[in-house]
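J.: Right, I'll just put the structure down here and ask away after.
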Amino acid sequence: MKHNIKKAFVVLLAALLCLATVAALVACDGNKGNTKGGVRIVMPDGTPALSMAKLFSENKTIAGRSADYQIVAADALMTEMGTGSADVLVMPTNAGINGIVAKGFDYKLVSVNVLGSLYIVGPDADGEITFDDLKGKKLGSIGKNNTPDWVFGKIVEGKGLTYSDYNVTFYNEAPMVKQAITKGEIDFALVGEPAATAFSAGQTGRMNLQTYWKEVTGQDNYPQASMFVKSSLCNDGEFMSALLAAVRSNAEWLVENKTEVTDYLKTYGSTSSFPAASIERCAVTMLRAKDNAAMIKEYMSVITGTEWNRTDVLY
């Protein structure tokens, strides 16, 4: 009797172990999309978030890695990079490069995600704002000592004009510029898309700074915001290929879904408005950094005031 009970116990134990093994295998199979560990992908609101929009819902897993997307405050980006909390960041190109070169953060510039999308808007009867229109007027701008300031300054210098002839007041963010122009505190506003289109209600004039940039530098455009990836993650070729393909696909998706973009991104924490008319002017793209080194070098040379040639930071 005891022998039979012992035999039955052994059989039962073996059956339980078998079931446990099968359950483990099923669980592993159910999570096979996350076999390499997750990645955290961060970006500020506005065009950087726009450059990753499709990925929020359609790329929750990238080449075996789960992907967590977060829209963060712009002033948190350097902390994200410095602490290594973010595996992938979309941020101003110059700021990301400065983090790598000056502060030793271990990332690579992988792709340009947003080309220049800066405009000056304001009242002008014929629709085209000129530099003569700006003289003696008040110009409100975002980005002191950053891309908007440098781009405008380079254009003014390249056209043989004097920066001090233009009365520029800087604001921390685009909504503050809009408030100032609405109140009549400034005459013109220098902002990026999509804000430039959102501001254009009641403003009949526009100046495309990208056109003037090409005129004075010979470069078709400039890398306003780029994607930076941890150097160690850049060694995962399968992941990098899939990530770049997804970002490239997003640029096409935006044009096809431009009327739904604002509501779509709001579900992921965006507070920006993306008028349909602004989408293509937002200049969202995907350009491999190493294939566009000349553009990046030109842009950084303008910003640093010296010949910049750190192509070792490019992927």
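Values quoted throughout were computed directly from the atomic coordinates according to the rules given, and no laboratory measurement underlies them. Note that this is a predicted model, so its numbers are computed, not measured. Heads up, the Cβs are rebuilt from the backbone with ideal geometry, glycines too, and the neighbour counts pull from every protein chain shown.
J.: If you place +1 on the Cβ of every Lys and Arg and -1 on the Cβ of every Asp and Glu, how big does the dipole about the Cα centre of the chain come out, in debye to the nearest 20? Write out the running numbers ahead of the final one.
T.: Values: 30 positive and 33 negative charges, 327 e Å.
Its charge dipole is roughly 1580 debye.
J.: Okay, which of region 60-101 sit inside 18 Å, backbone N to the point 7 Å along the Cα-Cβ direction of Asn172?
T.: Label zone hits: 72-79.
J.: When DSSP beta bridges are limited to those with both residues in the chain, what percentage is antiparallel, rounded to the nearest 5? Show your work: numbers first, answer last.
T.: Working: 25 of 42 bridges.
Taking every DSSP beta bridge with both residues in the chain, the antiparallel ones total about 60 percent.
J.: While we're on this one: Taking the Cα centre of region 135-292 as origin, work out the dipole magnitude from +1 charges on Lys and Arg Cβ and -1 charges on Asp and Glu Cβ, in debye rounded to 20.
T.: Value, rounded to 20: 440 debye.
J.: Report, to the nearest 10°, how far helix 293-304 tilts away from the longest principal axis of the Cα atoms in the chain, using its own Cα long axis and a range of 0 to 90°.
T.: The two axes meet at around 60 degrees.
J.: I need the peptides 223-231, 211-219, 275-283, 161-169 ranked by packing, meaning the mean over residues of other C-beta atoms within 10 angstrom, with the highest value on top.
T.: Values: 223-231: 24.8, 211-219: 15.6, 275-283: 19.6, 161-169: 13.8.
In decreasing order of mean packing, 223-231, 211-219, 275-283, 161-169 become 223-231, 275-283, 211-219, 161-169.
J.: Net charge around Asp126, counting only other residues with Cβ within less than 13 Å of its Cβ (Lys, Arg = +1; Asp, Glu = -1)? Please report the intermediate quantities before stating the final value.
T.: Numbers: positive: Arg206; negative: Asp124, Glu128, Asp132, Asp133.
The answer is -3.
J.: Report, in debye and to the nearest 20, how large the dipole of region 107-206 comes out about its Cα centre when Lys and Arg carry +1 and Asp and Glu carry -1 on their Cβ.
T.: Dipole about the Cα centre, nearest 20: 320 debye.
J.: Further question on the same structure: List every residue whose amide H lies under 5 Å from the amide H of Phe170, counting only residues 5 or more places away in sequence or on a different chain, with H placed 1.01 Å from N in the peptide plane.
T.: Counting only residues 5 or more places away or on other chains, the set is Ser141.
J.: Helix 147-158 versus the longest principal axis of the chain: what is the Cα-based angle in degrees, 0 to 90, to the nearest 10?
T.: 40 degrees
J.: Follow-up question, since we're still on this one. Just subtract the alpha-carbon distance of Ser57 and Ala294 from 0.36 nm times their residue separation and send over the number in nm, one decimal.
T.: Details: separation 237, 0.36 × 237 = 85.32 nm, distance 3.38 nm.
So the chain would gain 81.9 nm between Ser57 and Ala294.
J.: For Cα pairs less than 8 Å apart in space and 6+ apart in sequence, what is the mean separation divided by the residue count of the chain, i.e. the relative contact order in percent?
T.: It rounds to 25 percent for the chain.
J.: Hey, another quick one. Mind scanning Lys178/Lys297; Lys137/Lys266; Lys36/Lys258; Lys36/Lys297; Lys214/Lys290; Lys178/Lys230 and naming the pairs with a C-alpha gap bigger than 27 Å?
T.: Working: Lys178/Lys297 33 Å; Lys137/Lys266 36 Å; Lys36/Lys258 34 Å; Lys36/Lys297 34 Å; Lys214/Lys290 21 Å; Lys178/Lys230 36 Å.
Where the Cα-Cα span goes over 27 Å, the pairs concerned are Lys178/Lys297; Lys137/Lys266; Lys36/Lys258; Lys36/Lys297; Lys178/Lys230.
J.: Name the residues whose placed amide hydrogens come within less than 5 Å of the amide hydrogen of Gln224, ignoring near sequence neighbours (fewer than 5 apart) on the same chain.
T.: Long-range HN contacts for Gln224: Val114, Leu115, Gly116.
J.: Around Pro44, under 13 Å between beta carbons, what's the net of Lys plus Arg minus Asp minus Glu among the other residues? Walk me through the numbers before you get to the answer.
T.: Working: positive: none; negative: Asp45, Asp75, Glu80, Glu173.
Around Pro44, the charge tally is -4.
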